[in-house]
Amino acid sequence: MASQSFDVIVIGAGPGGYVAAIRASQLGLKVAIVEREHLGGICLNWGCIPTKAMLRSAEVFHLMHRAKEFGLGATGISYDLPAVVARSRGVAKQLSGGIGHLMKKNKVTVFMGAATIPAKGSVSVKTDKGTETLTAKSIILATGARARELPGLEADGDLVWSYKHALVATRMPKKLLVIGSGAIGIEFASFFNTLGANTTVVEVMDRILPVEDAEISAFAKKSFVKQGMKIIEKATVKKLDRKPGQGVTAHIESGGKTETMDFDTVISAVGIVGNVENLGLEALGVKIDRTHVVTDEYCRTGVEGLFAIGDIAGAPWLAHKASHEGVMVAELIAGKHPHPIKPNSIAGCTYCQPQVASVGLTEEKAKAAGYTLKVGRFPFIGNGKAIALGEAEGMIKTIFDAKTGEMLGAHMVGAEVTELIQGYVVGRALETTEEDLMNTVFPHPTLSEMMHEAVLDAYGRALHI
């Protein structure tokens, strides 16, 4: 088969790859994208989007139980798990189909198949119809990542689930063990716990949500425990005894002692590994460190014309980081001069109940970096809108450099904080100081007023506490 030539070939059609392809096409480049499974990648099909759809069902279910508080009546409240799953899959399908439409609209040639890079500037794609050879001066690797599997804790789809099994759950767990309390683990723990599963979370670090500010983690933990979750920190699941048809006995080691606990379902959420295998990267001389491709701040791999973006290029493992890297690389290839992405200005959002969102440095990291700090806090209980919504549990925390007034970090826990965090993200992008934020007029009554108050509090000027 004759080879087809392009200006840019993107490998992987997740939120990094498909966005890179669109931007490159907008800039007048001839673009091909190769995807072995689903357009939209994990994020649209098995990650960010379908999990949010399921968590929304749990949130509505939770609110229905609170109807009386709002002067409403709701009796015989129940859920239908297959219908919850079906809605979530429908949402994913709708968005995945939308990516196909975007590729057509932007004249991006799509190849469905597995890619390898046999030589610099060349991509071989194994499709249903045979092997296609594509050439391009620039290649963007956006192959993403997959769930890490620990020996003995591998998912089997029956007793031990990965995030994929959990998203198409065929039964409701009665006693659930979630291994790992990062965003994925905590979101599933929150979903199943809200629907009534007796849920235990085991975290190897000294606190749950270990990448978050310690104060926020502690607040979230208190909420989860109040909701009936059992949380075991500084603990390791040493092994699982699987008894098909009966359940799992987990051997959990904590503080030098091992205890056994019985569960009917286990969800393993112990991190991710980059999809770096079978692409031919080693032969090209690409540096790989702990399953991630080593790049510079512009996502260049050190091999001429080869870039790596998104999860395969390392932390933070977030869809929005991948998309922005995709745009940056497309612009670089087209001869523009984009700014590199600053990892510290990328927000993280976790959609458990209560929600958690953060950007920039935690208090601990800011202190370790040698800053003198001014820290402000404001509780949801001091905000009129939060009380009117019946969501008075939460807090917002801001961290400033005492010398310059630069906002170093912002951390939140509570209702809708995943939507609020962008205010601080914009502030950081514009290099806002505490003075700019204090002089900003936030609308009333909104949850966003707490963002203003948390800044005022850092300087001893809070009005409503």
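The values are calculated or read from the model by the stated rules, or taken from the named source; none is laboratory data. Quick caveat: nothing in here was measured; it's all calculated off a predicted structure. Here Cβ is always computed from backbone atoms with ideal geometry, including for glycine, and neighbour counts include all displayed protein chains. All accessible areas refer to the heavy atoms of the entire protein, side chains included, with ligands and DNA or RNA removed. Shrake-Rupley method; radii C 1.70, N 1.55, O 1.52, S 1.80 Å.
Tabulated data
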item	result
Matching entry among G394, G423, G427 (being closer than 18 Å to D213 by Cα and in contact with a strand residue (DSSP E or B) (Cβ under 9 Å, 6 or more places away or on another chain))	G394
T249 out of contact with any Ser or Thr (no Cβ under 8 Å at 6 or more places or on another chain), over 26 Å from P379 (Cβ atoms), modelled with pLDDT of 95 or more and open to solvent by less than 40 Å² (accessible area, probe 1.4 Å)	no
Filter result for the condition that a residue is within 22 Å of the chain's Cα centre (by Cα) and either in a strand (DSSP E or B) or of a type outside the set (G, A, S) (or both), over L134, L150	L150
Whichever residue in region 122-154 is among the small types (G, A, S) and either at pLDDT below 95 or loosely packed, with under 13 Cβ neighbours inside 10 Å (or both) and, among such residues, is nearest to G285 (Cα to Cα)	A147
Residue tally, condition charged (D, E, K, R) and either under 18 Å from G47 (Cβ atoms) or open to solvent by less than 30 Å² (accessible area, probe 1.4 Å) (or both), over region 273-326	3
Number of the condition not met by N344 [criteria: (1) closer than 21 Å to A183 by Cβ; (2) in contact with a Pro (Cβ under 8 Å, 6 or more places away or on another chain); (3) loosely packed, with under 15 Cβ neighbours inside 10 Å; (4) not basic (K, R)]	(2)
Residue in region 94-106 that is more than 25 Å from T295 (Cβ to Cβ), charged (D, E, K, R) and modelled with pLDDT of 95 or more present	yes
Entirely in region 167-236, the strands (runs of 3 or more DSSP E) that have 1 or more residues that are more than 16 Å from the chain's Cα centre (by Cα) and within 17 Å of A155 (Cβ to Cβ)	175-179, 198-202
Residue among G228, G182, G157 that is in contact (Cβ under 8 Å) with a residue 12 or more places away in the chain, on the phi > 0 side of the Ramachandran plot and of a type outside the set (D, E, K, R)	G228
Yes/no for K137 being free of Cβ contacts under 8 Å to residues at least 24 places away in the same chain, over 22 Å from C43 (Cβ atoms) and touching a strand residue (DSSP E or B) at 6+ places or on another chain (Cβ under 8 Å)	no
Every pair of residues 6+ apart whose Cβ atoms lie under 8 Å, when the first sits in region 428-443 and is of a type in the set (D, E) while the second is outside any loop (DSSP other than H, G, I, E, B)	E431/E406; E434/K374; E434/F400; E434/M407; E434/V455; E434/A458; D436/G427
Exclusive hit being within 20 Å of L141 (Cα to Cα) and over 22 Å from the mean Cα position of the chain (by Cα), set L81, L27, L39	L27
Members of region 309-345 that are among the hydrophobic types (A, V, I, L, M, F, W, C), in contact with a Gly (Cβ under 9 Å, 6 or more places away or on another chain) and under 19 Å from V273 (Cα atoms)	I309, I312, A313, W317, L318, A319, A322
Hits in region 244-266 - residues which are in a strand (DSSP E or B) and without any contact (Cβ under 8 Å) to a residue 40 or more places away in the chain	T249, H251, E253, S254, K257, T258, E259, T260
Neighbours by Cβ (under 8 Å, 6+ apart or cross-chain): first from region 75-88, under 19 Å from P173 (Cβ atoms); second open to solvent by less than 60 Å² (accessible area, probe 1.4 Å) and part of a loop (DSSP other than H, G, I, E, B)	Y79/L195; L81/A169; L81/M172; L81/L195; V85/V168; V85/A169
Meets criteria (on the phi > 0 side of the Ramachandran plot and either part of a loop (DSSP other than H, G, I, E, B) or at pLDDT 95 or above (or both)) for G326	no
Subset tally (residues that are among the β-branched types (V, I, T) and farther than 12 Å from G382 by Cα) for region 447-465	1
